[in-house]
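The values are calculated or read from the model by the stated rules, or taken from the named source; none is laboratory data. Because the structure is a prediction, the values reported are computed rather than measured. Using ideal geometry, Cβ is built from the backbone for each residue, glycine included, and neighbour counts are taken over all protein chains shown. Areas reflect the complete protein model, heavy atoms only, side chains present, ligands, DNA and RNA absent. Shrake-Rupley method; radii C 1.70, N 1.55, O 1.52, S 1.80 Å.
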Amino acid sequence: MTRKAYNEQGIFNRLVQDTARRWAKTGLLTPEQAESVRQAFPTDFYEPHLFVKVALFLFTCFAVSGVSGVVFLFVSQGASGGSHSWEWRLLLGCMLCGVGTFVLLETLITSNHLYRSGVDNALLYCGLGYAGATLLSFYSLALPNFVDPEILLGRGVLWLYLLPLLVLVVLAAIRYADPVLGAVSFFLYLGIVVTLLLPSALGKALLPFGLMLACALAYQVVQWLTRRPDYLYYRTCVRTVKVLALACFYLAGNYLVVREVNALLLGLPNSVQISFAPLFYLFTVAIPLLYLYLGLRRADRIFLHTGLLALAFSLFTYRFYRSVLPPEWALTLGGAVLIVVAGWAMRYLRPARHGLTAEPADSPGLSILNLESVVMSHVAANTMQAPEPGFQFGGGSSGGGGAEGKY
Amino acid sequence: MTDKILASLRALHLISEEQAAGIATYEREKPFSLYYELRTLLSLGVTLLSTGLGLLIYQNIDTLGHGVIVGLIALVSAAGFGYAYRKRQPFTWQQNPNPSTGADYALLLGCLTLLTLLGYLQYQYNLFGTRYGLLVLLPTVVFFVCAYRFDHRGVLSMAITGLAAWVGVSIAPLSAFTQNDFAVPHLGAVALVLGLGLAAVGLVSEYQDRKKHFGYTYLLLGSNVALLAACTALLSGPYDQGFMPPVLAALLIIGLSAALVWYARRTHSYVFVLLGALYGYVAVTYLMFQVVELIPGLEGLLFFYFPLSTVGVVLLLLNLKKIVASHDEKGL
């Protein structure tokens, strides 16, 4: 059994097909070439229409809960004569359901070539849910009297609960590379950081900085993952975590979030001015602008979109505490400004400037290649059949160094 | 990643060396496209501006007067229709070969503002009095004419919605008088007939090749209206009687669902097979409960019915491509 659940070659072939289609649309490949690429890199993944995916997901969830209802019924009825308490039965039922779901998931992936087709997503999440439930019911059995999570948080040991869950989800993410699992493990990681910081007074004071640091660290880790040769397998997962890390980095330094959470933690009825307020003003203004700058500079859509959303939230933050204009005037003026700016940018960037363009990506106008001459030379090369033994193009490693905004 | 793809394409001699080098240069040097971002910002700006202006007009209605607003809306509507008329194509019974996006949006804008205008006139000046039927019928007729003349499926679905509203409006008062019953049970029957009629129009337009591409809209809206009407009869309790016995409704739903699946197989359409599966499942489940209620001692059956039936639906969906007979390029 390999470490990855889905066929890596199939995922690569899928990317090659998509890329070839894109290049053919731009005019970098002839339609015949794109067709032969499609035949040379086949994929047998079952990828239905989005509606069908959603329906499959829902019905698989229904089916799993129906079947596990029967399982739980048998478990609770079956050994009624025994001395086992209901907690043991719950544990047994969760384990049975979890194991069954994962076995089914693996069988279906190999036999039906599923790849994020709704069925496998639903089975994966249900299976993980049962695994988590198994863990929790094990805890409630192992500890003599199950303690309230809030008390555990106060004593600073809640992370002992979260850590095994994190390990579980990360292991599943390594195998299935699911973006939702990536997001869940990122939030579990943040939760562990919070539970470590919250109990002490110093930790409470440094909570925003600690979270920002944790997000920056997580971003560095996934950025480092993009240099792995099997990055393609984890691409959506890595991108999800990147977006979340950037968003949480911004939110942890946002003035509104810090001020309101501060009031919430101290149990104040109204939020009051926080210490280091100028620093958080600076974060609120500077981080979105930094994201936008980096996004445009590095042609990175993740930074660009997060930056746009963060900028909108910064404006909201400002309006939340200072009412400058009545809302209808703010809407009218803001809309007018947006129209003018977007319209100007569309006109200004019509021939590409500064590496930016308002043309749609991969429009044929952007192609710099004179296809006809290339095809002629290709025909010539084929008729000569010149062997190229030492052809090494980039050594086959992914030297992207980050998302290049290739959608 | 580009390098890896190019290397594997080169390894199979699918592209020449110059082409690979050219593509690599293109990928390295191509500008960063802000097409969708700028377009999103623009439409966001339009939305904000129109909301803000709407609020401003609403707040200053005393100083502006209603006449100005009516005039403004009428102007916008006329401009939309005028632009669509200026860009019109000759009428055919086929799909318009070269549609213009601008004209399509202008027509949609004209139709939507026409609705606003009529509603405003009725609310402010009581233009139609209590003849609500006329109020609904007038835009419906305009929409049908526009949909066929300018070949616009969005306007067609607005027209069909208007037709349904007109039928509802003109039937409801009648039944309130004749039966002295405000629950209007036979509104459901009318909806069923209307839905079946719309579906029939869709089928006819496909067979007669009269605006064949409108068939999808007619069938989708018609089958949904008919099936929803049948479902209300199915779910009506023992106290408020539906327009037909629930068991009959369930059988009708199963029949209609089968027809939808048959149609989906013929036209390779995913939407209709899904609709058929969904409604059919509801009806079969209802019948199942009836059977269990009738025959005592079968309650245990339900424990197996739900897991087995959902597994069945999943299997059906997994093999959908074979059922719809694989036309993956056609999408919906």
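Does the range A:335-345 contain any residue that is exposed (fewer than 14 other Cβ atoms within 10 Å of the Cβ), at pLDDT below 90, closer than 30 Å to A:Gly27 by Cβ and of a type in the set (A, V, I, L, M)?
No; the residues of the range A:335-345 include none that is exposed (fewer than 14 other Cβ atoms within 10 Å of the Cβ), at pLDDT below 90, closer than 30 Å to A:Gly27 by Cβ and of a type in the set (A, V, I, L, M).
Can you go through A:Thr317, A:Thr306 and tell me which one is surrounded by 14 or more Cβ atoms within 10 Å (Cβ to Cβ), touching a Leu at 6+ places or on another chain (Cβ under 8 Å), closer than 19 Å to B:Leu38 by Cβ and among the hydroxyl-bearing types (Ser, Thr, Tyr)? Steps first, answer last, please.
Working: A:Thr317 fails: closer than 19 Å to B:Leu38 by Cβ.
So the residue among A:Thr317, A:Thr306 that is surrounded by 14 or more Cβ atoms within 10 Å (Cβ to Cβ), touching a Leu at 6+ places or on another chain (Cβ under 8 Å), closer than 19 Å to B:Leu38 by Cβ and among the hydroxyl-bearing types (Ser, Thr, Tyr) is A:Thr306.
With B:Leu44, B:Leu48 as the choices, which residue is at the interface with chain A (Cβ under 7 Å from one of its Cβ atoms) and surrounded by fewer than 20 Cβ atoms within 10 Å (Cβ to Cβ)? Before the answer, list the steps.
Values: B:Leu48 fails: surrounded by fewer than 20 Cβ atoms within 10 Å (Cβ to Cβ).
The conditions single out B:Leu44.
Taking the range A:217-227 as the search range and keeping residues that are touching a residue at least 24 places away in the same chain (Cβ under 8 Å) and surrounded by fewer than 21 Cβ atoms within 10 Å (Cβ to Cβ), which one is nearest to A:Leu207 (Cα to Cα)? Steps first, answer last, please.
So the first thing to find is which residues in the range A:217-227 are touching a residue at least 24 places away in the same chain (Cβ under 8 Å), and the list is A:218-219, A:223, A:226-227.
So of that shortlist, the ones also surrounded by fewer than 21 Cβ atoms within 10 Å (Cβ to Cβ) come out as A:219, A:223, A:226-227.
Values: A:Tyr219: 18, A:Gln223: 24, A:Thr226: 29, A:Arg227: 31 Å.
Selected residue: A:Tyr219.
I'd like the residue in the range A:111-144 that is more than 25 Å from the chain's Cα centre (by Cα) and of a type in the set (Ser, Thr, Tyr) and, out of all such residues, is nearest to A:Leu58 (Cα to Cα).
A:Ser111
Looking at this structure, is B:Gln59 exposed (fewer than 14 other Cβ atoms within 10 Å of the Cβ), in contact with a helix residue (DSSP H, G or I) (Cβ under 9 Å, 6 or more places away or on another chain) and within 14 Å of chain A (Cβ to nearest Cβ)?
Working: exposed (fewer than 14 other Cβ atoms within 10 Å of the Cβ): yes; in contact with a helix residue (DSSP H, G or I) (Cβ under 9 Å, 6 or more places away or on another chain): yes; within 14 Å of chain A (Cβ to nearest Cβ): yes.
In short, yes.
Being at pLDDT 90 or above and either surrounded by 13 or more Cβ atoms within 10 Å (Cβ to Cβ) or in a helix (DSSP H, G or I) (or both) narrows it down to one of B:Phe128, B:Phe177, B:Phe143, so name that one. Before the answer, list the steps.
Details: B:Phe128 fails: at pLDDT 90 or above; B:Phe177 fails: at pLDDT 90 or above.
One residue alone meets the criteria, B:Phe143.
So which helices (runs of 4 or more DSSP H) are wholly in the range B:204-321 and hold at least 2 residues that are away from chain A (no Cβ under 14 Å), under 24 Å from B:Ser157 (Cβ atoms) and touching a residue at least 24 places away in the same chain (Cβ under 8 Å)? Steps first, please.
Values: elements: B:215-235, B:246-267, B:270-294, B:299-318.
Because the criterion is at least 2 residues that are away from chain A (no Cβ under 14 Å), under 24 Å from B:Ser157 (Cβ atoms) and touching a residue at least 24 places away in the same chain (Cβ under 8 Å), the helices (runs of 4 or more DSSP H) in the range B:204-321 that meet it are B:215-235, B:246-267.
Looking at (1) in contact with a helix residue (DSSP H, G or I) (Cβ under 7 Å, 6 or more places away or on another chain); (2) over 23 Å from A:Phe283 (Cα atoms), find the lone condition where A:Asn254 falls short.
(2)
Could you list all residues from the range A:172-198 that are at pLDDT below 90 and open to solvent by 60 Å² or more (accessible area, probe 1.4 Å)?
Residues satisfying the conditions are A:Ile174, A:Leu196.
Only one of A:Ala330, A:Ala345, A:Ala286 is more than 8 Å from every other protein chain (Cβ to nearest Cβ) and among the aliphatic types (A, V, I, L, M). Can you tell me which? So that I can check it myself, show each step before the final result.
Values: A:Ala330 fails: more than 8 Å from every other protein chain (Cβ to nearest Cβ); A:Ala345 fails: more than 8 Å from every other protein chain (Cβ to nearest Cβ).
Residue meeting the stated conditions: A:Ala286.
What tally of residues in the range A:210-234 results from selecting those that are of a type in the set (Phe, Trp, Tyr) and at pLDDT 90 or above?
Filtering the range A:210-234 for residues of a type in the set (Phe, Trp, Tyr) gives A:219, A:224, A:231, A:233-234.
Then drop every residue that is not at pLDDT 90 or above, which leaves A:219.
Adding up the residues that qualify gives 1.
Just to be sure, is A:Asp230 within 13 Å of chain B (Cβ to nearest Cβ), surrounded by 17 or more Cβ atoms within 10 Å (Cβ to Cβ) and in contact (Cβ under 8 Å) with a residue 60 or more places away in the chain?
The answer is no for A:Asp230.
Check every one of the helices (runs of 4 or more DSSP H) wholly within the range A:269-362 and list those with 1 or more residues that are in contact with a strand residue (DSSP E or B) (Cβ under 7 Å, 6 or more places away or on another chain). Before the answer, list the steps.
Details: elements: A:277-298, A:301-321, A:327-348.
It comes to A:277-298.
Residue-by-condition table, conditions (1) assigned to a helix (DSSP H, G or I); (2) within 11 Å of chain B (Cβ to nearest Cβ); (3) open to solvent by less than 60 Å² (accessible area, probe 1.4 Å):
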residue: A:Gln9; (1), (2), (3): yes, yes, no
residue: A:Val52; (1), (2), (3): yes, yes, yes
residue: A:Cys61; (1), (2), (3): yes, yes, yes
residue: A:Val67; (1), (2), (3): yes, yes, no
residue: A:Val70; (1), (2), (3): yes, yes, yes
residue: A:Gln77; (1), (2), (3): yes, no, no
residue: A:Trp88; (1), (2), (3): yes, no, no
residue: A:Leu105; (1), (2), (3): yes, no, yes
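Evaluate the range B:36-55: report whether one residue or more is in a helix (DSSP H, G or I), farther than 30 Å from A:Glu328 by Cα, out of contact with any Gly (no Cβ under 8 Å at 6 or more places or on another chain) and of a type outside the set (D, E, K, R).
Applying the first criterion (in a helix (DSSP H, G or I)) to the range B:36-55 yields B:36-55.
Those left that are additionally farther than 30 Å from A:Glu328 by Cα: none.
Among the residues of the range B:36-55, not one is in a helix (DSSP H, G or I), farther than 30 Å from A:Glu328 by Cα, out of contact with any Gly (no Cβ under 8 Å at 6 or more places or on another chain) and of a type outside the set (D, E, K, R), which makes the answer no.
Looking at the range A:31-50, which of its residues are of a type in the set (Phe, Trp, Tyr) and more than 9 Å from every other protein chain (Cβ to nearest Cβ)?
So in the range A:31-50, the residues of a type in the set (Phe, Trp, Tyr) come out as A:41, A:45-46.
Scanning the range A:31-50 gives a single hit, A:Phe45.
Output the residue which, of all residues in the range A:284-299 that are of a type outside the set (D, E, K, R) and in contact (Cβ under 8 Å) with a residue 40 or more places away in the chain, is least open to solvent (accessible area, probe 1.4 Å).
As a first pass, look at the range A:284-299 and keep what is of a type outside the set (D, E, K, R): A:284-296, A:299.
With the extra rule that they be in contact (Cβ under 8 Å) with a residue 40 or more places away in the chain, the set shrinks to A:291, A:296, A:299.
Values: A:Tyr291: 6, A:Leu296: 70, A:Ala299: 27 Å².
Looking at residues that are of a type outside the set (D, E, K, R) and in contact (Cβ under 8 Å) with a residue 40 or more places away in the chain, I get A:Tyr291.
Report yes if A:Thr332 is farther than 24 Å from B:Leu42 by Cβ, of a type in the set (Ser, Thr, Tyr) and in contact with a Gly (Cβ under 8 Å, 6 or more places away or on another chain), otherwise no. Before the answer, list the steps.
Working: farther than 24 Å from B:Leu42 by Cβ: no; of a type in the set (Ser, Thr, Tyr): yes; in contact with a Gly (Cβ under 8 Å, 6 or more places away or on another chain): yes.
Considered against the rule, which asks whether it is farther than 24 Å from B:Leu42 by Cβ, of a type in the set (Ser, Thr, Tyr) and in contact with a Gly (Cβ under 8 Å, 6 or more places away or on another chain), A:Thr332 comes out as no.
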